[in-house]
Amino acid sequence: MAVHTKFRLITYSQEIVDGQPIFVSSNCLPTKALKYEPAGHSFHSAALKLRGVQEDKNEAEDKKVADDKEQTYLPSDSYSSKSKKKSGTGDKQQDHYALLGLGHLRYLATEDQIRKSYRETALRFHPDKQAALLLAEETEAAKQAKKDEIESHFKAIQEAYEVLIDPVKRRIYDSTDEFDDEIPTDCAPQDFFKVFGPAFMRNGRWSVNQPIPTLGDDNTPLKDVDNFYNFWYSFKSWREFPHADEFDLEQAESRDHKRWMERQNAKLTEKARKEDYARIRTLVDNAYKRDPRILRRKEEEKAEKQRKKEAKFLAKKLQEEEAARIAEEEKQRKEEEERQAAEAALQHKKVKEKEKKLLRKERARLRTLSGPIVSQRLLDISDDDVEGLCMSLDIEQMRSLCENMEGIKVLLEQASVLRDAMSSKKEVADEKTNQQNANGSIKANGSASRSNVEKKEKPWSKEEIDLLRKGMQKYPKGTSRRWEVISEYIGTGRSVEEIMKATKTVLLQKPDSSKAFDTFLEKRKPGAQSIESPLSTREELEGVSTPASTNNTEDSHSKSTDNENSASTNGVSSSSEQDVWSAVQERALVQALKAFPKETSQRWERVATAVPGKTVNQCKKKFTMMKENFRNKKSAV
């Protein structure tokens, strides 16, 4: 072994200079003398090797890390602060984790790991352990420079330990540590989890809530996916933002200046914090828009919504088709009913036409048989009597009458048969009139002889004339039993002869222009005056209601006196005159009772309003009389 005389130890022997190994006895295991003596961790490792103990994997890694401890880590100074103490030269900031051998863990290093690594690093790089390096320098200046470098490196280790062991200082240092702020913007659908998964894990270091949820994979349940995005949308960061342009509070000239610096630093910090939150929100939005699981759920929801819409549309279409089918069936049913009704009407019309032909035939037969009788004026039978008989009898009665007359050869006997038929017809008409009088339509005034005279001479009221005119239009010529139908339509007990006579006299009269104003008043106030009787005229009503108002002559006075006397002789008070009901009033009462049933509120007031000239009590009384008459008829039948 060659001897290097320029390297001198403090104490040495000839054996060491020759390079020959020597062995000494001591209380420790024999060791081989080398140029450098192991110390600390190296001594412990050498002792284990001599004893045949293999190093653990963790120890090997620690050793590998220890070899790189002298390498310095120079991070970006984008978040450097004036108030932060710096080591080294220039603008480069020392890497505390690299100095302590924790560069592979960095912010993930625990407090115990920091303490352990500091003890090992401090023991290795202590100035007393680095004395051998001074001997390698030839000049005193080089030795002094090397000594200053060793002391500076040891002080940097102590400073790194002080920063990393303090939670507040470590948070500020971790916030200024190098970090990839890049946000993925787009990726292929199959690379979504490879691109966005590391980005979320990288930014999860700033989360206050730990541990952070993972992005998962394509088979992750949707509930976990929603929890993941809910966590990131409500993300809270502990990251500090010391800005390069912040003001150093130690350089403040006064207290107010210091407060102003603090406000400015707070503004810069708040601005940086908002920018960081916006960056995180952009990351979450980009991931949510491109997440295949979210897109798949949206497609399913869209398909479900479309399916519901189609089902609703189909149901509505089926409902419309069903409604159209029902409407078509209803239309066909109505058409069938109309067709059947038209057939029935046509059949009825044919029957009516047949009956009309037979009726005209029998009437012509009766007129032929009555011709000699009328020409000879037997029993004072005139053409009007025969015509009235033709109009009043039906086909069976007329056929029977003609057969009876044909069976008799003597004209006088035929005339008597014809007279009997006329009298029977008259009796039927009288019976019908008496029946109507029994129902209260006509009140008897005076004796029977006077009543007969009034019947013969009773004038036509305006209402009867209007009803007659309407009946003539409603039932034109050719209607079966036309005059009987018109008589029933008028409803005042007018006979066929009276109606036929009125058509030639009353309907042809011109209206009296002198009473035009009175007619106007009647139309203007139809309920002003009450209708006493269907047989009363306007003059009689004036005589009854105001006997002394129109004229003060003796005739009007005597007429009113006679009316009072007739009322007193019959035992009826003057108030009973208000109980006289005309056919129009009776019809109005019946219609009002139908229009306002029992459950109607204020029924009788409405009924009395609908009946002209009658009060509530009179309507109730008339209703009671109509019920009694109906019950009497029913019991008689």
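The values are calculated or read from the model by the stated rules, or taken from the named source; none is laboratory data. Remember, it's a predicted structure, so these values are computed and weren't measured experimentally. All Cβ positions, even for glycine, are placed from backbone atoms using ideal geometry, and neighbour counts span all protein chains on display. Just so you know, the surface numbers come from the protein's heavy atoms only, side chains and all, with ligands and any DNA or RNA stripped out. Shrake-Rupley method; radii C 1.70, N 1.55, O 1.52, S 1.80 Å.
See the values below:
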| item | result |
| --- | --- |
| Total residues in segment 221-242, condition open to solvent by less than 30 Å² (accessible area, probe 1.4 Å) and hydroxyl-bearing (Ser, Thr, Tyr) | 2 |
| Output for segment 392-412, where each listed residue is farther than 15 Å from Gly371 by Cα and assigned to a helix (DSSP H, G or I) | Ser392, Ile395, Glu396, Gln397, Met398, Arg399, Ser400, Glu403, Asn404 |
| The one condition in (1) farther than 27 Å from Arg106 by Cβ; (2) within 45 Å of the chain's Cα centre (by Cα); (3) exposed (fewer than 12 other Cβ atoms within 10 Å of the Cβ) that Arg255 fails to fulfil | (2) |
| Residue among Thr269, Thr282 that alone is assigned to a helix (DSSP H, G or I), of a type in the set (Ser, Thr, Tyr), in contact with a Phe, Trp or Tyr (Cβ under 8 Å, 6 or more places away or on another chain) and in contact (Cβ under 8 Å) with a residue 24 or more places away in the chain | Thr269 |
| Residues located in segment 197-235, provided they are β-branched (Val, Ile, Thr) and on the phi > 0 side of the Ramachandran plot | none |
| Within segment 96-146, helices (runs of 4 or more DSSP H) holding 2 or more residues that are surrounded by 15 or more Cβ atoms within 10 Å (Cβ to Cβ) | 96-99, 111-124 |
| Any hit, segment 181-189, residues being open to solvent by 40 Å² or more (accessible area, probe 1.4 Å), free of Cβ contacts under 8 Å to residues at least 12 places away in the same chain, part of a helix (DSSP H, G or I) and not β-branched (Val, Ile, Thr) | no |
| Residue list for segment 581-602, filter: more than 27 Å from Trp460 (Cβ to Cβ), open to solvent by less than 90 Å² (accessible area, probe 1.4 Å) and either in the same structural domain as Leu467 (by the TED database) or not in a helix (DSSP H, G or I) (or both) | Phe596, Pro597, Thr600, Ser601 |
| Qualifying residue in segment 329-342 (condition: among the charged types (D, E, K, R) and in contact (Cβ under 8 Å) with a residue 24 or more places away in the chain) | no |
| The listed residue being within 28 Å of Trp483 (Cβ to Cβ), among the aliphatic types (A, V, I, L, M) and open to solvent by less than 60 Å² (accessible area, probe 1.4 Å), out of Ala415, Ala323 | Ala415 |
| Subset of segment 372-391 (residues that are in a helix (DSSP H, G or I) and among the aliphatic types (A, V, I, L, M)) | Ile373, Val374, Leu378, Leu379, Val386, Leu389, Met391 |
| Members of segment 603-631 found to be in contact (Cβ under 8 Å) with a residue 24 or more places away in the chain and assigned to a helix (DSSP H, G or I), listed by number | Gln618, Cys619, Lys621, Lys622, Phe623, Met625, Met626, Asn629 |
| One residue from Arg333, Arg365, Arg307 being of a type outside the set (A, V, I, L, M), assigned to a helix (DSSP H, G or I) and surrounded by 15 or more Cβ atoms within 10 Å (Cβ to Cβ) | Arg365 |
| Filter pass, Phe196 being buried (at least 17 other Cβ atoms within 10 Å of the Cβ) and at pLDDT 90 or above | yes |
| Selection count, segment 464-478, where residues are of a type outside the set (A, V, I, L, M), in a helix (DSSP H, G or I) and surrounded by 15 or more Cβ atoms within 10 Å (Cβ to Cβ) | 2 |
| Selection from segment 479-515 of residues that are small (Gly, Ala, Ser), outside any loop (DSSP other than H, G, I, E, B) and either at pLDDT 75 or above or surrounded by 10 or more Cβ atoms within 10 Å (Cβ to Cβ) (or both) | Ser487, Ala502 |
